[in-house]
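No lab work stands behind these numbers, since they all come straight from the coordinates. It should be emphasised that the depicted structure is a prediction, and the values quoted were computed from it without experimental measurement. Every residue, glycine among them, receives a Cβ derived from its backbone with ideal geometry; neighbour counts consider all protein chains shown.
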Amino acid sequence: MSGSARQTAPHEVPPGARLVLYACLPASLGEAADHSVASAWRYVADAGWEAVETYVDRAAPFESRALCEGWHNALAAVEQGKAAGIVTLCS
């Protein structure tokens with residue numbers, strides 16, 4: 001993860017929680033994006049959570065998510081009860 005990444009304490013999310021992994025990564029990352037997503041998967045697994053779906057948008061990380069299909073899919077998964085929350089990765 002980049003040096004500007006922020007992590008919240010996992011104590012609020014119980015082990016076994018079903019979560020969606022969402023990444024918003026710039027296209028300029030190329031293959032490094034795959035490594036970033038793999039690192040996020042390890043973070044989820046190490047915390048004892050279950051990533052039920054993964055969505056990746058290639059966009060500027062801190063721009064509006066209004067046109068990002070992956071973000072809307074991640075939100076829908078939570079709204080539909082498929083997951084309890086979203087783990088986000090922005091780089």
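Kindly provide the helix-only [θ] at 222 nm of the chain, computed as the sum of -39,500 (n - 2.57) over DSSP H runs of four or more divided by all residues, to the nearest 500 deg cm²/dmol? If you can, show how the numbers build up before the last one.
Working: 2 runs with 26 residues, N = 91.
Value at 222 nm, helices only: -9000 deg cm²/dmol.
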(message) For a quick check: with amide H placed at 1.01 Å from N, whose amide H comes under 5 Å from Glu50's, ignoring anything fewer than 5 positions away on the same chain?
(response) Gly16, Ala17, Arg18, Leu19
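When Lys and Arg each count +1 and Asp and Glu each count -1, what net charge do the other residues less than 14 Å away from Ser36, Cβ to Cβ, add up to?
On the way: positive: Arg42, Arg58; negative: Glu31, Asp34, Asp57.
Computed value for this residue: -1.
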(request) Go through region 74-88 residue by residue and turn each phi into a ³J(HN,Hα) via Karplus (6.51, -1.76, 1.60, θ = phi - 60°); whole Hz please, and just put x for glycine and proline. (result) 5, 4, 4, 4, 6, 4, 8, x, 6, 9, 8, x, 10, 9, 10
(request) Count the net charge of all other residues whose Cβ sits under 12 Å from the Cβ of Val56, scoring Lys and Arg as +1 and Asp and Glu as -1. (result) -3
(request) Taking amide H positions as placed in the peptide plane 1.01 Å from N, state which residues far from Lys82 in sequence (5 or more) or on other chains have amide H under 5 Å from it. (result) none
(request) Quick one: which residues, 5+ away or cross-chain, put their amide H under 5 Å from the amide H of Cys90? H built at 1.01 Å from N. (result) Cys24
